[in-house]
Amino acid sequence: MMKWTRAGVSRRGWILGSPNSLVVGLCESNVVALLNDLFEGSSDAAPAFYFVTLSQRYSGLKHGDRAVSTVVHIAVSGNMNHIAVNLLRSVVRVDEHSAGEWHQLLFDALRETCSSRRALETVYTMLVKCYADKGMIKMAIRLVG
């Protein structure tokens, strides 16, 4: 997995000597582009997911809504729906403690980062179910309303 990730990162012009060098400041637009490159280069969602988890672990920072949305879409496109659901559940947990701002940001980012209508429908269905499972019925209704 590290081999695919290193190849994708080097195509973007970043040379990584060790996993610790992921502390390099990665702006969200570069992360999104890298995630798309990793998925398009291999048609496998695993390298993109691996990069996200590895970079979060070594940088100690959470990725933004566009990066999370991109990973969700990649996971759905790569037939890794369980990964997409887990990511969406973690987002719903964050949104549970906010006044809904994160919900709207995520909703917009999911729409902006979608690659196909079918994938977007799948992701929205997953998100509605996650909100309903968490007992956040008003949020779920807002999504379908």
Quiz item: Hey, rough spin-label estimate for R93 and S43, points 7 angstrom out along Cα→Cβ, what's it come to in nanometres?
Solution: 3.4
Quiz item: What is the range 40-145 by shape, rounded, prolate or oblate, if you read a ≥ b ≥ c off the alpha carbon gyration tensor as root eigenvalues and call it rounded for a/c under 1.5, prolate for a/b larger than b/c, and oblate otherwise?
Solution: oblate
Quiz item: Any idea how far apart N86 and S59 come out in nm if each label point goes 7 Å out from Cα toward Cβ?
Solution: 2.0
Exercise. Please turn the phi angles of the range 123-136 into ³J(HN,Hα) values with the Karplus equation 6.51 cos²θ - 1.76 cosθ + 1.60 (θ = phi - 60°), one per residue in order, whole Hz, x for glycine and proline.
Key: 5, 4, 4, 4, 5, 4, 5, 4, 5, 5, 4, 7, x, 9
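What size of dipole, in debye to the nearest 20, comes out for the range 79-145 about its Cα centre when the only charges are +1 on Lys and Arg C-beta atoms and -1 on Asp and Glu C-beta atoms?
Working: 9 positive and 7 negative charges, 41 e Å.
So the magnitude is around 200 debye.
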Quiz item: So between K138 and C27, what do we pick up on full extension, going 0.36 nm a residue minus the alpha carbon distance?
Solution: 36.6 nm
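Read-outs throughout are calculated quantities, based only on the coordinates presented, and are distinct from any laboratory measurement. What you see is a predicted model; the values in this text were computed from it and never measured. Because the Cβ atoms are built from the backbone with ideal geometry, glycine has one as well, and the counts that use them run over all protein chains shown.
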